[in-house]
Amino acid sequence: MTISSFITHAKKIIVIGGTGETGQRILKYLKQSYPDISITCASRQNTLTQKDIPFVTLDINNKQQTIELLKNYNLAILAMGPMERLLDAPHQLCLDAGIDCIDINDSASASKAILALHTAAQKKQCSIYTGMGLSPGITSLMLMQLAQAKKSTTGTYCSRLYMGAAYGGGKTSPYSMLANFTKKITVFQQGKLQTIATPWKKDPYQFHFFGQEKPLAMIPYGTPEVISLSSERYDQQLAPITTFDSRFHIQFFPLAMAKAIANFNPSTKTINFLAKKFYSSGQSIKYKPKADPDTYICIFPDNQPKQGIMLQGSISSYDLTALMACAVIDCWLNNKLKEKNGVYPVEFLSTTTREYLVQMLEQRGISWRTGDTDALKHQNNYFGWLESNIYNVQTLRHYGKNWYTVDKVHPRMVYLQKQFLFQSEVWQSLKSKLNRFQLTSFVIKMLIRWKKQKKQLEQYAQKSIEWKNLIKDLTMFTSGYSLFRETVGKEIAYPLYRKMFLDTGDMEMQWLWPQAEAFALLANPAEAVYQYWLAFLDSYQQLGILNYSQTMLSKDCYHIHIDQCIYAEVFNKLECPELANLVREMEHYAFTRIASKTPLIIDWHQKANGEADVFLNLQSITDKQTANKVNSS
């Protein structure tokens with residue numbers, strides 16, 4: 001089943017709160033998937049940036065007007081907030097209008113009120129799908145997968161969520177965050193709902209997310225999932241859960257501040273003030289050099305992360321929330337939500353329905369993997385695999401970009417580069433050969449040589465800021481390599497440096513280029529990989545870093561010739577000719593990686609000085625066999 005297979009007929013959808021951070025993303029993804037379906041944005045003020053989507057002014061406080069408007073639609077997406085204050089009011093309006101609704105509620109207090117509408121929804125023959133965002137929503141699907149497989153012998157599960165600061169946040173998000181800063185929280189422990197003193201620093205209050213520099217302090221919170229788990233409607237026999245411990249970390253937001261706010265016990269007026277301050281602060285912080293674009297979710301049993309599952313990638317929590325909502329909409333449009341006429345969070349859905357939701361998330365680029373990170377380390381994959389917009393190849397991240405035109409290099413890149421250096425055989429060889437004084441002297445000499453080489457190539461660096469950064473990178477590499485070559489000899493230096501370069505380059509390219517799974521989801525995967533690579537070469541050619549030409553040999557068969565490589569020219573000029581082909585070798589490996597789940601066949605012929613002849617066949621073996629059969633008959 002694919003998204004494009006859905007039959008939408010004359011369904012009409014309204015997204016209430018469509019001008020918010022999540023609402024606009026929901027609208028964008030729906031419009032991409034269903035260009036012909038009727039989708040309307042509703043909000044109090046029209047700040048919608050997507051001009052091709054109809055807008056209606058709506059204030060849910062005007063109940064009768066809202067009900068009359070909602071009667072014109074089949075489905076309402078509730079993307080407004082703060083839910084701590086709205087509670088079940090929007091859902092009640094949908095019931096009065098007689099239409100289904102899907103919300104992205106992340107408030108435990110709202111969840112309790114919404115679940116209480118179950119009988120009323122049954123009588124109205126309406127369906128309410130609640131908590132269909134990030135947490136709950138995606139976290140709920142992951143939790144149910146583990147619980148149904150009985151991964152914990154005691155029924156104990158943990159949720160750890162990390163959100164980078166690179167996206168700033170929406171105006172209602174701070175209200176949800178502030179609602180969790182309390183002296184006491186409601187949790188699900190020992191098989192029942194309990195109100196306990198907030199365990200601010202009760203172990204295990206820290207968690208080390210894969211690829212991060214150090215463990216992070218986690219803020220405990222009462223997730224809406226605990227309301228569902230304590231309900232009589234939850235099937236404990238199917239997926240036994242006795243304790244669920246949820247904690248989150250927002251980059252640059254210290255646990256101490258959360259605790260201080262909780263102890264202060266702010267009034268409604270103060271919460272409004274703090275929410276505005278948090279929003280404006282978030283908009284400022286997102287421009288910090290170290291503002292992280294990543295989101296992580298780790299769900300695991302019995303405090304054993306490696307026994308659980310995780311998702312990770314350079315994607316905002318708002319995109320993940322919107323994509324989960326869209327996955328539910330996908331299933332609603334295709335009549336794959338078997339549970340109808342009532343209120344249903346993920347925990348109350350059948351195994352079959354949850355499987356459909358997982359499939360739809362995967363179609364939209366969202367999937368999770370085992371929590372055992374050894375495989376990720378082996379693959380040099382430190383940046384995850386999630387994509388925010390798998391619509392066509394042009395919407396994949398960094399399309400048409402290279403290292404010197406990409407908007408911003410990942411803030412963890414320098415840290416990881418250092419880790420790869422210090423763990424490399426190059427560094428170990430130097431440490432074994434040189435004492436501490438000699439090692440310090442080596443580093444100082446390298447820095448002096450680096451400065452000298454940059455001056456030597458000043459005519460290149462003056463061309464543009466991109467060339468300046470390129471020369472900075474290459475001279476840093478050659479200054480270290482040439483000095484290492486003098487220290488241990490070329491026969492030892494080159495293979496060790498080559499391995500370090502290719503390992504580090506593989507890690508870097510896994511951030512610059514999407515994972516192979518993203519291309520495999522597109523309509524023509526082989527063509528998508530080819531077009532993505534050509535756009536990459538194009539960006540280099542426009543900067544004057546290389547030259548390439550393409551020739552169509554036959555249908556689906558191409559020859560690409562690469563020459564005039566500045567990398568090779570610089571390496572030769574700095575008397576390191578043996579390095580001339582390393583960048584091309586790294587790109588060949590990365591190209592092969594992104595094509596690994598497609599029918600694309602790559603025949604790469606490396607030549608001297610960074611030149612290469614690449615022959616590509618976009619037609620799969622199966623396609624060839626089919627064509628041969630047709631021709632022969």
Taking the stated definitions as given, is residue 371 surrounded by 21 or more Cβ atoms within 10 Å (Cβ to Cβ) and over 27 Å from residue 115 (Cα atoms)?
no
Matching residues in region 69-113 (over 30 Å from residue 186 (Cα atoms), in a helix (DSSP H, G or I) and either of a type in the set (Val, Ile, Thr) or open to solvent by 60 Å² or more (accessible area, probe 1.4 Å) (or both)) number 1
Restrict the check to region 383-394 and report whether at least one residue is surrounded by fewer than 16 Cβ atoms within 10 Å (Cβ to Cβ), of a type outside the set (Val, Ile, Thr), at pLDDT 95 or above and assigned to a strand (DSSP E or B).
no
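Restricted to region 212-223, and to residues that are more than 13 Å from residue 158 (Cβ to Cβ) and in contact with a helix residue (DSSP H, G or I) (Cβ under 7 Å, 6 or more places away or on another chain), which residue is most open to solvent (accessible area, probe 1.4 Å)?
By that ranking, first place goes to 213.
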Looking at this structure, is residue 66 of a type in the set (Ser, Thr, Tyr), open to solvent by 10 Å² or more (accessible area, probe 1.4 Å) and either in a loop (DSSP other than H, G, I, E, B) or modelled with pLDDT of 90 or more (or both)?
no
If I filter region 114-129 down to residues being aliphatic (A, V, I, L, M) and crowded, with 22+ Cβ neighbours inside 10 Å, which single residue comes out as nearest to residue 98 (Cα to Cα)?
121
Qualifying helices (runs of 4 or more DSSP H) (wholly inside region 521-621; at least 1 residues being over 30 Å from residue 454 (Cβ atoms) and without any contact (Cβ under 8 Å) to a residue 40 or more places away in the chain):
525-543, 582-594
Can you tell me which of 524, 469 is polar (S, T, N, Q) and either open to solvent by less than 30 Å² (accessible area, probe 1.4 Å) or in contact with a Phe, Trp or Tyr (Cβ under 7 Å, 6 or more places away or on another chain) (or both)?
469
Restricting the search to region 425-466, which residues are open to solvent by less than 60 Å² (accessible area, probe 1.4 Å) and within 19 Å of residue 505 (Cα to Cα)?
426, 427, 466
Members of region 148-158 found to be in contact (Cβ under 8 Å) with a residue 24 or more places away in the chain and either under 17 Å from residue 360 (Cβ atoms) or surrounded by fewer than 24 Cβ atoms within 10 Å (Cβ to Cβ) (or both), listed by number
148, 150, 151, 152, 153, 154, 155, 156, 158
Give the number of residues within region 322-343 that are in contact (Cβ under 8 Å) with a residue 60 or more places away in the chain, surrounded by fewer than 24 Cβ atoms within 10 Å (Cβ to Cβ) and more than 23 Å from residue 36 (Cα to Cα).
4
Looking only at region 227-267, and only at residues there that are touching a helix residue (DSSP H, G or I) at 6+ places or on another chain (Cβ under 9 Å) and open to solvent by 70 Å² or more (accessible area, probe 1.4 Å), the one that is nearest to residue 316 (Cα to Cα)
252
Condition set closer than 26 Å to residue 334 by Cβ and at pLDDT 90 or above, scope region 41-55, selection most open to solvent (accessible area, probe 1.4 Å): answer is 54
Of all residues in region 420-472 being assigned to a loop (DSSP other than H, G, I, E, B) and farther than 30 Å from residue 378 by Cα, the one that is nearest to the chain's Cα centre (by Cα):
464
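Per-residue answers, yes or no, for (1) open to solvent by less than 30 Å² (accessible area, probe 1.4 Å); (2) of a type outside the set (A, V, I, L, M, F, W, C):
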residue	(1), (2)
183	no, yes
204	no, yes
210	yes, no
225	yes, yes
Output for region 512-521, where each listed residue is open to solvent by 10 Å² or more (accessible area, probe 1.4 Å) and either over 20 Å from residue 362 (Cβ atoms) or not polar (S, T, N, Q) (or both)
517, 520, 521
Name, by its number, the condition in (1) touching a residue at least 40 places away in the same chain (Cβ under 8 Å); (2) among the small types (Gly, Ala, Ser); (3) over 19 Å from residue 400 (Cα atoms) that does not hold for residue 518.
(3)
Picked from region 310-365 (must be of a type in the set (Val, Ile, Thr) and touching a strand residue (DSSP E or B) at 6+ places or on another chain (Cβ under 7 Å)), the residue farthest from residue 132 (Cα to Cα) is 315
If you scan region 350-392, which residues turn out to be touching a residue at least 24 places away in the same chain (Cβ under 8 Å) and β-branched (Val, Ile, Thr)?
351, 358, 366, 370, 373, 390
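Condition check: buried (at least 21 other Cβ atoms within 10 Å of the Cβ), outside any loop (DSSP other than H, G, I, E, B) and out of contact with any Cys (no Cβ under 6 Å at 6 or more places or on another chain). Does residue 176 satisfy that?
The answer is no for residue 176.
The values are calculated or read from the model by the stated rules, or taken from the named source; none is laboratory data. Since the model is a prediction, treat every value here as computed from it, not as a measurement. Note: ideal-geometry Cβ built from the backbone for every residue, glycine included; neighbour counts use all protein chains shown. To get the accessible areas, we keep the full protein, side chains included, count just its heavy atoms, and leave off ligands, DNA and RNA. Shrake-Rupley method; radii C 1.70, N 1.55, O 1.52, S 1.80 Å.
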